[in-house]
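Heads up: the structure comes next, in structure tokens.
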Amino acid sequence: MFIGRERELRSLQELYDKDGFGMTIVYGRRRIGKSTLIAEFIKDKKAIFYTATKVGAQRNLELFSKQAAEVLDPVVSNAVFETYEAVFDFISKKMPPEKLIIVIDELPYWAEKDEALLSVIQKYIDTEWKDRQLMIILCGSSLSFMENKVMSEKSPLFGRRDSQIKLEAFPYRDAALFVPEYSAEDKAICYGITGGVAKYLSMLDGGKSLDDNIKRLFFCTDGYLYDETRNLLTQEFSDITLVNNIIEQIASGENTVNNIAAKVREKEPTVLYSLDKLISVGLVEKKKCITEEKNRKKTQYVLKDHMFKFWYEFIPKAHSVIELGQGDIYYEKAVKPKLHSFMGSVFEDMCRYYTLEQGIQGHFGSFITQSGAWWGTELIENADGEKSQQSADIDIVAISETDKTAVVGECKFKNEKIDKGVCDNLLRRARLLSPKYKVIKYLFFSLSGYTDWFDGLENKDVVLLTLEDLYA
């Protein structure tokens with residue numbers, strides 16, 4: 001069953017419905033569901049769908065030619081086209097009355113070995129195809145190649161595309177559609193362990209318990225996700241030792257270049273180069289303090305992929321036990337009790353998404369256009385009147401540049417209820433934000449609800465939310 005991606009399907013259909021020629025670029029990290037999206041879109045349409053592989057330019061040409069012939073004229077399916085021009089002339093000659101779609105999936109595997117391919121496609125767009133009923137979809141997992149070689153001003157194809165789709169992981173609410181029978185808590189954890197990545201979500205068996213799914217995918221030697229991080233890194237990096245070490249440090253809480261470099265014992269420029277590559281493949285992101293985005297000192301590197309965070313937190317320490325076939329015991333004893341702690345940062349991301357989504361619609365009394373986190377220091381005075389500085393953070397800060405207002409929030413994915421102390425902390429720390437923004441709402445997100453103290457709270461600017469509210 002195909003799930004989600006309504007907006008992307010609508011974008012593709014709009015281009016298809018346009019009279020004449022059109023081209024779009026679909027790109028995104030591996031396993032994100034690009035090929036599945038395209039296959040769903042073309043299932044009732046005339047299409048040449050070719051997936052390139054690492055077999056060299058000439059062999060890709062042969063395989064593409066065979067696919068084109070099978071679709072347009074099966075009688076000559078064994079014909080050999082020795083040049084791009086030959087097969088593209090054949091396509092032009094055999095184009096059917098209805099609109100034809102040409103899909104080249106994993107384009108970088110082909111075009112990296114022969115960049116002439118892009119120039120020839122450009123030539124045919126400009127000469128043979130510009131007035132034909134043809135739609136081209138170029139798809140790739142190498143973000144750097146697709147952005148720098150296909151879409152940039154330096155690309156032969158620059159100015160020829162009508163649109164582009166950068167496919168991202170599913171938001172938490174769409175991810176829940178893969179396990180509709182689960183409780184809100186289990187849906188959230190499923191999102192956390194998969195990061196909303198389509199391939200990983202598709203591996204979940206809604207007929208089994210959450211625990212059984214996690215054990216089967218991560219904690220047995222033949223589980224799909226047991227060795228997935230190494231597989232992905234091997235596909236993207238020639239030497240995975242350094243990037244593996246860097247990811248380990250980020251997963252353990254090190255989030256600045258100098259700290260990471262010190263831990264992995266490499267020079268900062270070397271680490272920065274690897275971090276940039278990890279960002280380009282969608283595994284790491286550069287997180288900035290929302291009200292101080294130009295402050296380089298307030299920049300953190302965090303794992304964008306929640307599955308990687310889960311894997312690096314639990315699997316390396318469990319390898320020996322899993323290899324002995326006792327991964328299920330390890331999960332019950334060492335992982336399950338820590339799931340709520342792991343979900344802390346995942347829940348924060350979910351709540352930021354919810355706050356932005358609701359804020360855009362004006363549900364908090366302001367037109368929210370950006371959400372993120374804030375961190376810094378605060379001055380605390382103890383019972384004896386002594387003052388000291390301590391670190392402080394706010395899980396959610398959503399701002400309106402239009403109204404110069406802000407909404408702040410605190411998230412707790414714990415078995416304990418949120419109490420007065422948590423409320424007081426947020427109200428106090430909100431005063432640390434830039435005076436440029438007036439705080440108009442204080443949001444609380446709780447897995448386990450709230451203490452009775454909140455029953456008597458008369459502050460109408462305080463909004464109490466539960467996990468169920470996020471899925472409503």
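The values are calculated or read from the model by the stated rules, or taken from the named source; none is laboratory data. Worth saying up front: this structure is predicted, and the values here are computed from it rather than measured. Virtual Cβ from ideal backbone geometry, glycine too; neighbours counted across all protein chains shown.
Please work out which residue is nearest to the chain's Cα centre (by Cα), limiting yourself to the stretch 17-35 and to residues that are within 23 Å of Asp126 (Cα to Cα) and buried (at least 17 other Cβ atoms within 10 Å of the Cβ).
For the stretch 17-35, the residue satisfying everything is Val26.
Filter the stretch 1-16 down to the residues that are in contact (Cβ under 8 Å) with a residue 12 or more places away in the chain and under 15 Å from Asp162 (Cβ atoms), then identify the one that is nearest to the chain's Cα centre (by Cα).
Residue satisfying both the conditions and the ranking: Glu8.
Do you know which residues across the stretch 224-235 are free of Cβ contacts under 8 Å to residues at least 60 places away in the same chain and under 15 Å from Met307 (Cβ atoms)?
Listed by number, the residues that qualify are Tyr224, Asp227, Arg230, Asn231, Leu233.
Scan the stretch 258-274 residue by residue and report those that are buried (at least 16 other Cβ atoms within 10 Å of the Cβ) and either polar (S, T, N, Q) or at pLDDT below 95 (or both).
The answer is Ser274, and nothing else.
Scan the stretch 276-298 for residues that are surrounded by fewer than 21 Cβ atoms within 10 Å (Cβ to Cβ) and of a type in the set (A, V, I, L, M) and jot them down.
The answer is Ile279, and nothing else.
Just wondering, is there one or more residues in the stretch 177-184 that are among the β-branched types (Val, Ile, Thr), under 25 Å from Met1 (Cβ atoms), part of a loop (DSSP other than H, G, I, E, B) and modelled with pLDDT of 95 or more?
Taking every residue of the stretch 177-184 in turn, at least one turns out to be among the β-branched types (Val, Ile, Thr), under 25 Å from Met1 (Cβ atoms), part of a loop (DSSP other than H, G, I, E, B) and modelled with pLDDT of 95 or more.
Could you tell me which numbered condition Gln133 fails, if it satisfies all but one of (1) touching a Ser or Thr at 6+ places or on another chain (Cβ under 9 Å); (2) at pLDDT 95 or above?
Single failed check for Gln133: (1).
Given the conditions (1) closer than 30 Å to Asn231 by Cα; (2) in a loop (DSSP other than H, G, I, E, B); (3) among the β-branched types (Val, Ile, Thr), and given that Val335 satisfies all but one, which numbered condition is not satisfied?
Answer for Val335: the failing condition is (2).
Quick test for you: out of Ala69, Ala39, pick the one residue that is closer than 20 Å to Phe170 by Cα and without any contact (Cβ under 8 Å) to a residue 24 or more places away in the chain.
After ruling out the rest, the residue left standing is Ala39.
For Asp89, all conditions in the list (1) within 25 Å of Lys43 (Cβ to Cβ); (2) over 31 Å from the mean Cα position of the chain (by Cα); (3) surrounded by fewer than 20 Cβ atoms within 10 Å (Cβ to Cβ) hold save one; what is the number of the exception?
(1)
Counting just the residues of the stretch 215-232 that are among the charged types (D, E, K, R) and part of a loop (DSSP other than H, G, I, E, B), which one comes out farthest from Phe314 (Cα to Cα)?
Ranking the candidates gives Asp222 first.
Given the criterion assigned by TED's automatic domain parsing to the domain that holds Gly20 and more than 22 Å from Leu118 (Cα to Cα), identify the matching residue among Ser92, Ser77.
Residue meeting the stated conditions: Ser77.
Anything in the stretch 185-209 that is assigned to a loop (DSSP other than H, G, I, E, B) and either outside the structural domain of Gly223 (by TED's automatic domain parsing) or free of Cβ contacts under 8 Å to residues at least 60 places away in the same chain (or both)? List them, or say none.
Listed by number, the residues that qualify are Met203, Leu204, Asp205, Gly206, Gly207, Lys208, Ser209.
Does Thr221 satisfy being touching a helix residue (DSSP H, G or I) at 6+ places or on another chain (Cβ under 7 Å), β-branched (Val, Ile, Thr), outside the structural domain of Ser434 (by TED's automatic domain parsing) and surrounded by fewer than 16 Cβ atoms within 10 Å (Cβ to Cβ)?
It is true that Thr221 is touching a helix residue (DSSP H, G or I) at 6+ places or on another chain (Cβ under 7 Å), β-branched (Val, Ile, Thr), outside the structural domain of Ser434 (by TED's automatic domain parsing) and surrounded by fewer than 16 Cβ atoms within 10 Å (Cβ to Cβ).
Among the candidates Ile394, Ile440, Ile380, which residue alone is at pLDDT 95 or above, assigned to a strand (DSSP E or B) and out of contact with any helix residue (DSSP H, G or I) (no Cβ under 9 Å at 6 or more places or on another chain)?
Just a single option satisfies the conditions, and that option is Ile440.
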